[in-house]
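Report on the following structure.
Read the figures in this text as sums done on the coordinates, not as results from a lab. Being a predicted model, the structure only gives us computed values, none of them experimental. Using ideal geometry, Cβ is built from the backbone for each residue, glycine included, and neighbour counts are taken over all protein chains shown.
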Amino acid sequence: MHVGLTHYLAVSTMLFCIGLYGVLTRRNAVAILMGIELMLNASNINLVAFNRYVAPGAVGGQTFALVIITLAACEAAVGLALVMAAYRSLETIHVDEINVMKW
Amino acid sequence: MGELAAFIILSCVTLIPAVVVVTSGNIVRSALSLVPTFLGVTGLYILLHAEFVAGIQILIYAGAITVLLLFVIMLTAGGTGTRIRQVNEQVPLGAMAAVWLGFLILLVIFRTPWQSAATAAPQYNIASVGTAFLTDYVLIFEVTSLVLLVSLIGAIIIARREE
């Protein structure tokens, strides 16, 4: 028995669901961003695995995985900047205590 | 056989720290547990013959994003956060949603007859990825660089102290 596409898809599904659980249950905004990073990693595994097993001649999947890594870095930078801004004006980073739209 | 063993070990290295990331009450431990998860994903990329993606994964995820998360944890109050409740009241609901979604996706994955085209292991190299970026996917490349610039400026403006 050798490793096939379904193995990689199963691992990425589990990683995605772990990330989803983190996003749904955490109070800390930084921990929510960690869950989002796990979910983006799961999607990257999917893209590279489909590239390897379904279209081995092309590099489209790897290209999109690189684009997603770039966008994940952007998302982390902007998200953490928002966390810092919220912490400065509201003195909390727990998302269930941030309930005002305008200060 | 060796490939299967490597795959199982790398999957455990990926998934067990990921569980620690979402369940640990210590937020610094969560952030540091991201590193073995990202390194396990890097190993999976190497098993899939995507060496360039693996290198970029180490540089950006394990190197940059983890350090950025740790910086923000240190800059905000609470420290490791072990004395504060870290989870909200949706724990049973969130676990149920995650387990059900995972069950459904796994069901679909194992029932779909995937058409596998892979025979021998293909040899990718950095040159082919770079050529694809600058010929077929040049629009995506340019738009991504624009997004990177905009998010850079946006992050500086949002995080700047207002006068």
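I want to verify a result. In a Gaussian network model of chain A, Cα cutoff 10 Å, which of these has the top mean-square fluctuation: A:88, A:26, A:52? Looking only at A:88, A:26, A:52, the biggest GNM fluctuation is shown by A:88.
Seen from residue A:7, the other residues with C-beta closer than 14 Å to its C-beta sum to a net charge of 0, counting Lys and Arg as +1 and Asp and Glu as -1. Between residue B:89 and residue B:152, the contour length at 0.36 nm per residue exceeds the Cα-Cα span by 19.2 nm.
What is the sum of charges around residue B:91, taking Lys and Arg as +1, Asp and Glu as -1, for the other residues whose C-beta is under 14 Å from the C-beta of residue B:91? Display every interim value, and only then the final one.
Values: positive: A:26, A:27, B:85; negative: A:96, B:89.
Result for the local shell: +1.
Candidate membrane-span-like segments in chain B, meaning DSSP H helices with Cα atoms spread over at least 20 Å of their own axis and a Kyte-Doolittle mean of 0.0 or above, are B:2-23, B:27-47, B:91-111, B:138-159, with no membrane implied.
For chain A, the longest principal axis of the C-alpha atoms and the axis of helix A:60-90 are separated by about 10°.
When ranked by the protection proxy of mean other Cβ atoms within 10 Å per residue, highest first, what sequence do the peptides A:27-38, B:132-143 form? Intermediate values should be presented prior to the final figure.
On the way: A:27-38: 22.2, B:132-143: 13.4.
Listed from highest to lowest mean packing, they are A:27-38, B:132-143.
Going by alpha carbons, how many degrees (0 to 90, nearest 10) lie between the helix axis of A:5-25 and the longest principal axis of chain A? Relative to chain A, helix A:5-25 is tipped by roughly 10 degrees.
Reducing the range B:7-29 and the range A:1-76 to their Cα centroids gives an inter-centroid distance of 15 Å. Here the contact order of chain B, divided by its residue count and restricted to Cα pairs under 8 Å and six or more residues apart, works out to 19 percent. Note on B:41-50: average number of Cβ atoms from other chains within 10 Å of each residue's Cβ is 6.
Paramagnetic label reach from residue B:96 (point 7 Å along Cα→Cβ; backbone nitrogen cut-off under 16 Å): within the range B:19-53, no residues.
Per residue of B:62-75, other chain Cβ atoms within 10 Å of the residue Cβ number 4 on average.
One Cα centroid belongs to the range B:46-84, the other to the range B:129-146; the line between them spans 26 Å.
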